[in-house]
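The values are calculated or read from the model by the stated rules, or taken from the named source; none is laboratory data. Computed from a predicted model, the values in this text were never measured in an experiment. All Cβ positions, glycine included, derive from the backbone under ideal geometry; neighbour counts span all protein chains shown. Note: areas computed on protein heavy atoms with side chains; ligands, DNA, RNA excluded. Shrake-Rupley method; radii C 1.70, N 1.55, O 1.52, S 1.80 Å.
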Amino acid sequence: MVMPSCDPNDLEGSTRLIEDLTANARQVQQQVLNEILTRNQGTEYLHGFLRGRKGRDLFKKKVPVVEYDQVKPYIDRLANGEPSRIISAQPISELLTSSGTSGGQPKMMPSTDEELDRKTFLYNLLIPVMNQYVDGLDQGKGMYLLFIKPEISTPAGLTARPVLTSYYKSRHFRSRPFNRFNVYTSPDEAILCPDSKQSMFCQLLCGLRQRDQVLRVGAVFASAFLRAIKFLEDHWPELCSNIRTGTVSDWITDASCRDAVGRILREPNAELADVIESECRREPWEAIVKRLWPRTKYVDVIVTGSMAQYIPLLEFYSGGLPLVSTMYASSECYFGINLRPLDLPSDVSYTLLPNMAYFEFIEADKTDDRGETGSVECNYTGDLIKVVDLVDVEVGRYYELVVTTFTGLYRYRVGDILKVTGFHNAAPQFRFVHRRNVVLSVDTDKTNEEDLLKAVTQAKLLLEPLGCLLTEYTSYADTSSIPGHYVLFWELKTKASSDPSHIDSAVMEDCCSTIESCLDSVYRRCRSRDRSIGPLEIRVVRRGAFDALMDYCVSLGSSVNQYKTPRCIQSREAIQLLEEKVVGKFFSRKLPFWEPYTMMEAKAG
Ligand code: AMP
């Protein structure tokens, strides 16, 4: 039961499997924990707390709930060549670089070969779930735009790379269901092309060439799909000319990618090129997805969490096709799936699959006297937290997810806040609410308030020689165009004049690039390598703008005494209010420095 196999062709069998897993969620969770403890009781980590003993109660009493800082020393030791058994009985085959960062560098999560089977199990379940809701998906193809990212080797030779890169490069991905029947428009060679521009061009080319057969389109996150649309906007004449002549552009130099695309292009097709060209010429690009891929039934992209900001733009381009968020996963482990994929994005809930990991939940709303289950315990900082099991969460309440994985993480706080919306049998269903501490996110970047403050503090030093002070700031992610970018509203006080519009634009542009250079490596990668984030912008507002913001927040019920300027604003009204007071807009003119993070820290550790 812990690791059943799922045949994606077998609708009935898969449905029964989901029913069994969810109906027996308590028992499955207990089995998962037993298995993890039995396997790993001899690891240095668990032995330090349990001294070879097992059992759920002891586990909960002795093993602390931790964050990355407590795990990092072990990860650093693995990176430097110490044996896997410090945390895991099974060999740690690689480290997965998460979009969460620690000290500016990506967090790294341990993984094992066996975990790829667990991921495959979850991916396989998505197919019958979708087939239950949408008919005829086997009558055509899926255009999934998927990309790999750079990887590095740790000082001891362990590979460190993002979780999806690891999966796409695995044999599990190559042998994914139906792949050998060419049901996806992107050849594996194009997905695995390390040059992201060549990869994007080739995948779109193949998707356009096979447009008549495409029944669904997608990417992992909404931001990546919209980036593809933007790329198409910039490159459609060249894509059409490739289709017209039946030859791939010369700058596609990746040999295996070129060959694979050539096999799909086959011969000149002027008729198809004409049709695509005439659609692309028609402005605005409303419903372009439906126009270019007319048989498409839905757009498969995650639009929950920070990706919800892209819904309006996706609706515009897709012409109202259903937006489907199928799964909830992370580098730590894959968590669960959406059992009602056609629900509106605002209603999407994920059912955590009880065999993926041992799940616990820290109560994240005000604790009251309701519910006697769970234990109150002290975390490593001495704060009291209340932790409950998967099956004991209550509908309507908020929790932070804690996982114990098969790969060496024990009672690890993922940082996601979830709300329980209901149950499927005994397994709770969760709406993703937000990520703890994150204030700004455009793509996979996750900037928290503290990092933003540090970056602003550094940048505002540049104002000092001008006799100018930063008195207030706030921010928002402007995703009204692609790529989205960070916008900071700054209120300045100048000694010489009260009119900040005389601000030196070169200095302000330097402030923008200084902020970017201080943000973490995931931001800098998205901005400099992936170009999935546009230049950071500072909008200087008139004096008094932030007083007006305060008045507005107070009018909505904030207490005047306790009012603190929000460092990130989301409400349209609040943004509009500041927008009306903007006296100058400045953009970063430099790309921040980025290189695949160094392992210097690990070496030192
Ligand atoms: P990473 O560690 O970089 O793989 O990022 C994993 C994080 O992405 C999760 O912990 C969530 O915060 C976010 N995430 C993943 N899947 C979803 C989803 N379906 N909806 C909202 N946020 C998600």
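Here is the link list: 107/149; 107/460; 386/446; 460/585; 149/197. Which ones come out longer than 18 Å on Cα distance? As for pairs spanning more than 18 Å Cα to Cα, those are 107/460; 386/446.
Ignoring ligands, DNA and RNA, please state the percent of accessible area on the chain from carbon and sulfur, probe 1.4 Å.
On the way: 12280 of 25090 Å².
Result for the chain: 49 percent of the exposed heavy-atom area is carbon or sulfur.
On average, how much accessible surface per residue is there in the chain, in Å², for a 1.4 Å probe, leaving out ligands, DNA and RNA? Please list the in-between numbers first.
Numbers: 25090 Å² over 605 residues.
Ligands and nucleic acids excluded, the figure is 41 Å² per residue.
The trypsin sites (Lys or Arg not before Pro) of the range 247-285 meeting both criteria, a DSSP state outside H, G, I, E and B (loop) and at most 14 other C-beta atoms within 10 angstrom of the site's C-beta, are 266, 282. Length gained on full extension, residue 562 to residue 274: 97.5 nm, using 0.36 nm per residue less the C-alpha separation. Restricting the trypsin sites (Lys or Arg not before Pro) of the range 528-579 to loop positions (DSSP other than H, G, I, E, B) with no more than 13 neighbouring Cβ atoms within 10 Å leaves 564. Taking N as the residue count of the range 60-112, its C-alpha radius of gyration divided by 2.2 N^0.38 Å amounts to 1.17. Of all aspartates and glutamates in the structure, the ones whose alpha carbon falls short of 19 Å from that of residue 60, not counting any fewer than 8 places away in one chain, are 35, 44, 360, 363, 372, 377, 383, 389, 392, 400. Using a simple spin-label model with pseudo-atoms 7 Å out from Cα toward Cβ, residue 9 and residue 47 lie 4.7 nm apart.
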